[in-house]
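Let me give you the structure first, and then I'll get to my questions.
Readers should treat all values here as calculations from the given coordinates under stated rules, not as data from a laboratory. Computed from a predicted model, the values in this text were never measured in an experiment.
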């Protein structure tokens, strides 16, 4: 009987996500023994400021990947949105299981049911430039403060009045059994999520062929295609993972539909475009969409972001 060691961040959400993958593995192979290797990442230990001010690539993933590369684990479970778009040498995303709802949610102290009904001048806790830019575009009266830490910590800061509202991925709240904390769901076709949001990535060393054969059975093809399209759009922008960029892809019959946006930090200039192509051309669709964004003003936004 093989023991499979799974590397993951040590947060309650990361463990819950790992449990989802572990349970799926046990369904395929009931006799397998699974152990969890908890890893502290730079993103877990440094919560001092807005996330985008970090120049680190793989802020929440590189330490977990190193555990896998060094042979101290057999596979790793990540939130797909945290993985850099460039695949790490020596590692392979062997499965992207079926995605949970990709939308963002508002957790509020006022019970506001939408962005429009948030109190005037409300303080928003978030460290995401993507979220800040889209909110500023809709409401220029809101105030923003960096909000880091695990999901429970962010909710507690709303409850204690340190912030009036937190913006948190729906998937994280649902996986932690905290969906009752959601005041409003922001439709992903309107308030664009991060590429890959709501999906998990199961990463292995490609030379472990037995494990590759097992883990590849967890892959959900529609989820892989949609998230690959989102992440390819970001990659083709050449802007990095911390820019104010959102993308949402979905499959309609034999077509892939992608919405994407890039914005300046103040949310005053938001460039948004959509594209659709046959499903087997989802990568080309993403590349064409990125080119549309760049030509429509996204290129100038990127230049300004690099200067700041």
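What angle do you read, to the nearest 10 degrees and between 0 and 90, between the alpha-carbon axis of helix 221-237 and the longest principal axis of the chain?
For helix 221-237, the angle is close to 50 degrees.
Continuing with this model, one more query. Take the alpha carbon atoms of segment 137-173, find their center, do the same for segment 277-306, and report the distance between the two centers in whole angstrom.
Using only Cα atoms to place each centre, the spacing works out to 30 Å.
How big is segment 124-259 in terms of Cα radius of gyration and Dmax, in angstroms?
17.3, 55
Please tell me the relative contact order of segment 104-186 in percent, rounded to the nearest whole number, where contacts are Cα pairs under 8 Å and at least six residues apart.
Numbers: 135 pairs, mean separation 40.2, N = 83.
Value for segment 104-186: 48 percent.
Just need the relative contact order of segment 168-303 here, percent rounded to a whole number, with Cα pairs under 8 Å and 6+ apart. Intermediate values should be presented prior to the final figure.
Values: 181 pairs, mean separation 27.5, N = 136.
Averaging sequence separation for qualifying contacts and normalising by length gives 20 percent for segment 168-303.
To the nearest 10 degrees, how steep is helix 129-138 against the longest Cα principal axis of the chain, on a 0 to 90 scale?
Taking Cα atoms only, the helix is inclined about 30 degrees.
Using helices alone, I'd like the mean residue ellipticity at 222 nm for the chain: each DSSP H run of four-plus residues gives -39500 (n - 2.57), total over residue count, nearest 500.
Details: 10 runs with 99 residues, N = 308.
My calculation for the chain gives -9500 deg cm²/dmol from helical runs alone.
Springs between alpha-carbon atoms under 10 Å, Gaussian network over the chain: tell me which of 224, 72, 154 tops the mean-square fluctuations.
It is 72.
Counting every Cα pair in the chain, what percent are over 25 Å apart?
Numbers: 23282 of 47278 pairs.
For the chain, the share of Cα pairs beyond 25 Å comes to 49 percent.
Only bridges whose two residues both fall in segment 104-186 count here: according to DSSP, what percent of them are antiparallel, nearest 5? Working shown, then result.
Numbers: 8 of 13 bridges.
Here the share of antiparallel DSSP bridges comes out near 60 percent.
Related question: What share of the DSSP beta bridges in the chain is antiparallel, in percent to the nearest 5?
Working: 33 of 47 bridges.
If I count the DSSP bridges inside the chain, around 70 percent turn out antiparallel.
OK, next. For segment 104-186, report the convex hull volume of the alpha-carbon atoms normalised per residue, in Å³, without decimals.
Details: hull volume 6.5 nm³, N = 83.
Once divided by residue count, the hull of segment 104-186 is 78 Å³.
Mean shadow of segment 229-307, computed from the convex hull of its alpha carbons, in nm²?
Details: hull surface 18.1 nm².
Orientation-averaged projected area of the Cα hull: 4.5 nm².
Over segment 229-307, what is the relative contact order in whole percent, taking alpha-carbon pairs under 8 Å and six or more residues apart? Mind showing how you got there, number by number?
Working: 130 pairs, mean separation 24.0, N = 79.
RCO, segment 229-307: 30 percent.
Between segment 86-127 and segment 5-38, what is the separation of their alpha carbon centroids in Å?
23 Å
Right, next: Of the residues 282, 137, 238, which exhibits the maximal mean-square fluctuation in a Gaussian network model of the chain defined by a 10 Å Cα contact cut-off?
Among 282, 137, 238, the largest mean-square fluctuation in the Gaussian network model of the chain belongs to 238.
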